[in-house]
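The values are calculated or read from the model by the stated rules, or taken from the named source; none is laboratory data. Since the model is a prediction, treat every value here as computed from it, not as a measurement. Using ideal geometry, Cβ is built from the backbone for each residue, glycine included, and neighbour counts are taken over all protein chains shown.
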Amino acid sequence: MSFKAFIIGLTLTFGLPWVITIVLPYSFMRTLETVNYAGIEEDGGEGPYLPKRDGRIKEGSEIYGQEGCYYCHSQLIRPTYAGSDIWRKDWGGLAKTLDHHDTRRETNAFDYQDEAVAHIGISRVGPDLSNFGRRVTNALTLGGITPEEWVLNHLYNPRAKKGYRGAEDQNLYKKSVCPSKPSLFKTVDASMARAGALKVDAPEGKAIVPTDRARALASYLISLKKDTLHQKLPKALDYGPKTEKAE
Amino acid sequence: MADTTQSPDQIDIELRSSIDRSLRHPVMFFFTSGAVWLAIGVLLGLIASAKKHMPEFLSGCGCFEAGKVDAAHMNALIYGWGAQAAFGVIIWLMARLSRKECRSSGVILLGGHLWNLGVMIGVGLILAGKGSGVPWMEFPAFVWLLLIPSYIMILIWSLVQFQIRDAGHVYISQWYLLAAILWFPWIAITSVLFVYHFEGHPLMATAIAAWFKSALFLLFFLPTALASAYYLAPKVSGRPVYSYSLAIFGFWALAVIGPWAGMQKLAGAPIPQFLPYVGAAAMILIALPAVLVGANIINTIRGNGEAVAQSPSLRFTIAGVISFILFGVLSAVLHTASSLKITQFSYTGYGLDILTLYGVFSFCAFGAIYFIVPRITRREWLSRRFISWHFFLSLYGISAIVCCAIVGGYFQGEGIEAWNQSFLEAASRAGSYGWGVTLAWFFILISNLFFCLHLLLMWARLGRRSSHPTLLKASHAESPHGPEGEVDNYGTANGPAETSAH
Amino acid sequence: MDHTRDNPLKRFSAFWIALLMIGLFGIACIILRPLTHARQETAYMIKGEERLQIRDTIDRAQKAALEAKKIDDEAVSSFAKTLNKAPSAGAMAVPGAAK
C-alpha cells in the first residue's frame, strides 16, 4: 500500500459517512418543512404546527447544560418501537381525566426550538424531564405553592423537609439522589430577602434566595411541557392509535 | 586502534538511542502530565459516581456539585490523560518506526504546555459552571482555539517523519498512527464547527456531538492503542506479527466501519431515522475488526506465555487487546434494536465508555509507557511490586465496571423500560450498581497512585541503572538477558554497549 | 542509507502536505457551509407573517397620529430653557436643611 493509496482510502472511507451522516442530515434538519394542520374542521387548527414554550428557554437551557443535568436526566419520549417511555405514567403527558383528554405524545422535531443543543441526556438516573413542567404544574393546581417555588426548593435541596407540598411529596423525595445545588443560591440577611426566600432552614437571621441563574433554570424546567394539553397535534404528526372522536 | 567500522547492529543501536534522546523531554512530559491528569480524572470519577448513590457526599463543597463533576471527570480523563498519553506514544513510535530523529522537540514541548493550559482552563471552567453542556465536549468553545493549534504543533512532525522515511517495509503500526493523527483533527474540527459555530437544529448538534464521542475512541484512541500493541507484541515476544495481511484487513475494516458509529445514542429521536440505526449497525460490526485484530495479536504471542507473565509492557498490552475483543462482543450484543431500547439511557453506556477509554486504550498506553520510559530515561523501573499492584488493581477495577455498569446497567434499563413498575424501583436498582462502580473507581484510583508515583520517580531520574529490565516475576537463576550487572545501556566512555538493545 | 527522501526540500513539502491533510475536512466544512445554511422557513416565520402585518398596521397608525410638526414648538423650547437654567434654591422645604 502506498502513502497516496492510503490517503485516498482514508479520505473516502471517512468522507462518505461524513457526507451522509453529518453534512446532509444537518442541512436537511435546518430546512425542516413545517407540518401544517389540515384545517379547523378536520384537524382543529390552521397553519403550521408550532409547539409554544413559555419561559426563559435559551438561557435556562444553557444553564441546564452547564449544571450537567443531562448526565442523569433524559428529555426524549421515544416512539414505541424504540422504547416504552410514552406508556410510563406522566412521562409523555397526562392520562385522560374528566377535565382533559389524554395528552401524551412522542417528542417531535419542533420540540427543541430556541435551545442551542438538545439535551437528550446520557442516562436515566433520574426520570425523563420532557414533561417535568407539566407534572409540577398539574400537581400544584390546587394551590399551596407556585410551581416556581417548588422547583427552586427542589434545586436547593431535593431532600429538604420543608418547602414541599405535603407528606406524600416528602416521602417520595426522601430517596431522591438528585444533587443539591447550593451554588445556585445565596445566603442574604433575612431583611433583604423579601418574598423570594426559600422556605428552608437557614442560619439565624439569614435567608436563602435564588440567584438569577436559579430562576432561569427553574423557568426553563417549568417550560418543559411537551404534550398536547394546550396544543393539539396535527393529524400528520399524530402517531397515536386512532380513537373515536370525543363528544 | 579502535575498530572504526561499525556493524549494522551498532548503527541501528546508535540510531535508536539518538531517536530516544531527541524525544526524551516531550515524551516524558506527556507521560507524567498525563499520569497526573489520570489521577485527577479518576478521583473526579470516584466523586461523580459516589454522588449518584450518596447525594450528600461532599455536598459542602460547591465546586464538586454532581453534573459538573461528571463533566470534569470525563474531560480530564479524555483530554488530560488520554490525549497526552496518545501524544507521547505516537511521537515516539512514529519516530522509531520511521527511523528519524526528532528535530522539533522544542515546538512539541511548547505545544504540550499549551495543550495542558487549555485542558486546565477547560476543566476549571467546567467546575465553575461555565461549560458548554455538550457531552464530551464540555470545554467552552474558545478552548478549542488553544487545543487544535497545539495538536498540530505536537503531531505534524510525525506526519513529516513518515513521509521522509527510508523506502522499505511499512509497519502496520505506522498505518494506524498515520490514521489516528489525521482522524482526530478531522473529527474535532468538524464537530467544533458544526456544534458551536454553524447554526442549525439543536438535535443535529447533539447528534454530531454523539458522533464525535464515538469517533474519538474508534478513530483516535483505538488506532493509537493498536499501533502500540502491534509494535510491542512482536517486539517483546521476539516473533513477527502473525499475519500482516490480516492486520491490513483489520485496519481497513476499522476505517470503513468506525466513522459511521455514534448516533445510536439518539435512537428514537426525531432525526432522520436511518442515522441512529446505521450507528447501531456500525457498533455491531465493530466486533469484526475487534475479533480479527485481537486474534492476530494474540496469535503473535501464543505459546510465549512466559513473556506475557514476565514483561509488564506485554502484560498490560495483552490485557488491553483482550478488553478490545470483549468490547467488540459486548458492543455487538448491546446494540441490537431490542437491547438498545433497554441500554440507551442506563449505566451501560458509561460502562462501555470506560471499558474503551480505560480497559482498551489506557491498558495499551500503560504497556507502551512501561516500555518507552526506560528507553528514554535510560533507567529501569524501580519496583516490580508497584507495577504488579498497578496491574491487578486496575484489572479488578475494570472488571467491576464491566459487571456493575455494563451488566448492571442492563438490569437498570430493564427496570426503567418496565413502565408498569414505579420509577423509584428501577432507580433503586441503579443504586446498588452505583456502589459497585464507585468501588471500581476506588481500586483504579489506588492503582493509579502507584503508577503516578512510580512514573514521577522515573521522571526524577531515580530509576535503577541496569541493563536488565524490571520484570514481573522474580529473577531466575539464569536470566534470558544474561548476568546482572552495572552496565550502562548505551555504552560508556570505554566503548559501545555490549548487550543487544531491546 | 537512502538519502533521497530526507532532504530539506522534501521536509518542507512534507510539512505543508501534512498541514493540508490535517485541515482537509475543516476546509471541506467551510466550503460546504453555504450548502448547509440555506434559508429556512420555519413555522415561527410563517406564523410571524400575520403578527408582523398587525404590527405594521399599528406602526403606521401611530406614526400618522403622532406627527411631530403638531407638537408645540413653544412648549418644547420653554421647557428646555427651564431645564438649562442653573439650579437655584427653590421654595420647597428640604427636610433637615437649615431654614
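Points to keep in mind about this one:
This table checks each residue for (1) within 8 Å of another protein chain (Cβ to nearest Cβ); (2) modelled with pLDDT under 95; (3) assigned to a helix (DSSP H, G or I).
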residue	(1), (2), (3)
C:4	no, yes, no
C:32	yes, yes, yes
C:35	yes, yes, yes
C:38	yes, yes, no
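- Among the residues of the range B:160-177, those that are in a helix (DSSP H, G or I), at the interface with chain C (Cβ under 10 Å from one of its Cβ atoms) and touching a residue at least 60 places away in the same chain (Cβ under 8 Å) comprise B:161, B:162.
- Residue within the range B:399-420 that is assigned to a helix (DSSP H, G or I) and in contact with a strand residue (DSSP E or B) (Cβ under 6 Å, 6 or more places away or on another chain) present: no
- Output for the range B:272-288, where each listed residue is assigned to a helix (DSSP H, G or I), at the interface with chain A (Cβ under 7 Å from one of its Cβ atoms) and of a type outside the set (Val, Ile, Thr): B:275
- Considering only residues in the range C:8-22 that are within 7 Å of chain B (Cβ to nearest Cβ) and of a type in the set (Gly, Ala, Ser), the one that is farthest from the chain's Cα centre (by Cα) turns out to be C:14.
- Selection of the range A:216-229 for residues being touching a Lys or Arg at 6+ places or on another chain (Cβ under 8 Å) and in a helix (DSSP H, G or I) yields A:216, A:219, A:220.
- The range B:375-387, residues that are under 16 Å from residue B:310 (Cα atoms) and in a helix (DSSP H, G or I): B:384, B:385, B:386, B:387
- Looking across B:245, B:237, one residue alone is free of Cβ contacts under 8 Å to residues at least 12 places away in the same chain and within 20 Å of residue B:321 (Cα to Cα). It is B:245.
- Subset of the range A:65-85 that is more than 7 Å from every other protein chain (Cβ to nearest Cβ) and touching a residue at least 60 places away in the same chain (Cβ under 8 Å) - its residue that is nearest to the chain's Cα centre (by Cα): A:75
- Per-region count, the range A:129-158, residues farther than 21 Å from residue A:210 by Cα and facing chain B (nearest Cβ under 8 Å): 0
- Pairs meeting the criteria (first residue in the range B:109-134 and assigned to a loop (DSSP other than H, G, I, E, B), second residue acidic (Asp, Glu), beta carbons under 7 Å, at least 6 apart or on different chains) are B:129/A:67; B:131/B:138; B:132/B:138; B:133/A:62.
- Candidates are the residues of the range A:86-111 that are within 7 Å of chain B (Cβ to nearest Cβ) and among the hydrophobic types (A, V, I, L, M, F, W, C); the one that is nearest to residue B:415 (Cα to Cα) is A:87.
- Between A:52, A:96, the distinction of being without any contact (Cβ under 8 Å) to a residue 60 or more places away in the chain and more than 20 Å from residue A:126 (Cα to Cα) belongs to A:96 only.
- Verdict on residue B:144 being facing another protein chain (nearest Cβ under 9 Å), closer than 28 Å to residue B:28 by Cβ and in a helix (DSSP H, G or I): no
- Pairs are defined by a Cβ separation below 6 Å, a sequence spacing of at least 6 or placement on different chains, a first member in the range B:323-346 that is under 18 Å from residue B:278 (Cα atoms) and away from chain A (no Cβ under 12 Å), and a second member that is part of a helix (DSSP H, G or I) and of a type in the set (Ser, Thr, Tyr); the pairs so defined are B:334/B:343.
- Only a single item in (1) outside any helix (DSSP H, G or I); (2) within 13 Å of chain A (Cβ to nearest Cβ); (3) surrounded by fewer than 24 Cβ atoms within 10 Å (Cβ to Cβ) is not met by residue B:269, and it is number (3).
- Of everything listed in (1) over 29 Å from residue C:35 (Cβ atoms); (2) over 22 Å from the mean Cα position of the chain (by Cα); (3) polar (S, T, N, Q); (4) surrounded by 15 or more Cβ atoms within 10 Å (Cβ to Cβ), the single unmet condition for residue A:31 is (1).
- Hey, residue A:67 surrounded by fewer than 17 Cβ atoms within 10 Å (Cβ to Cβ), at negative phi and acidic (Asp, Glu) or not: no
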